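Engineer: Here it is, the structure, as structure tokens.
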Ligand SMILES: [Zn+2]
């Protein structure tokens, strides 16, 4: 009865294990002999074939080797890096110089990718926590505006004299320029005002009051009071016209200067009252932009 292939294989493995030293010694002797080149080639070819046929085993063996010799390998790598540090740095420098465009492009792309990831992350966070995020953003916005104001204020304080001199010298020029600008951009300015108003009427009105009050010299401490008048006029359920004493429905309320602003009436709490649109129109000493229509 002859052996199967498996039996032969098992046998030869066992034999090899038992006589390893001897086999290797004989191989070495033969390869050092006159026929060495041919034998080495045959051996290399056999090895190559075996490795190709037993790929997984080879990889496993490599892994096991690395596992067994981890410290040794790390030490060797570190030593190599240590010994070739200067060379590596020089090579890297040259590489960077030669590939600057490419490297810059890559880093720009990476930055854009990170920005985009952050944006997506923030967007999803925003979706899950809309109120907190809005509050956070609002706080950030306010902090930025506050910092800007502080900076502008301290800049002004430091350079008060020269700023005043500069403004005085340019005052007439500015008046001329403003007039020209308004003349040339009348439509655009009106459209912008309409847009601001439609976006946030209360804010628009508050800003307009603040500007107007500043122009008319309203004391700063009464600004809050003036805002309160506008707020009340807008939000109160019942409100009577100070001229005809009728109840004014929401959306038909006007904050009126008792003594017209166009004739020098100050924007002060004591000079403001709420009128219905009928009375307000009758009282036509005012220009349209002096009427604060409330929704
Ligand atoms: Zn009225």
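Engineer: Would you please list the contacts, defined by Cβ atoms under 6 Å and residues six or more apart or on different chains, that run from a residue in the range 267-282 that is assigned by TED's automatic domain parsing to the domain that holds residue 256 to a residue that is in a helix (DSSP H, G or I) and within 16 Å of the ligand (Cβ to nearest atom)?
Structural biologist: That search, which allows pairs on different chains as well, returns 274/233.
Engineer: Next question. Of the conditions (1) within 16 Å of the ligand (Cβ to nearest atom); (2) under 20 Å from residue 206 (Cβ atoms), residue 248 clears all except one; give me its number.
Structural biologist: For residue 248, the failing item is (2).
Engineer: Find the residue count for the range 231-269, including only residues that are in a strand (DSSP E or B) and over 22 Å from residue 210 (Cα atoms).
Structural biologist: Qualifying residue count for the region: 2.
Engineer: Yes or no: residue 218 assigned by TED's automatic domain parsing to the domain that holds residue 282, modelled with pLDDT of 80 or more and under 17 Å from residue 261 (Cβ atoms)?
Structural biologist: So residue 218 does not fit the description; no.
The values are calculated or read from the model by the stated rules, or taken from the named source; none is laboratory data. Just so you know, these numbers come straight off a predicted model, no measurement behind them. A quick note on method: Cβ atoms are made from the backbone with ideal geometry, for glycine too, and the neighbour counts reach across all protein chains shown.
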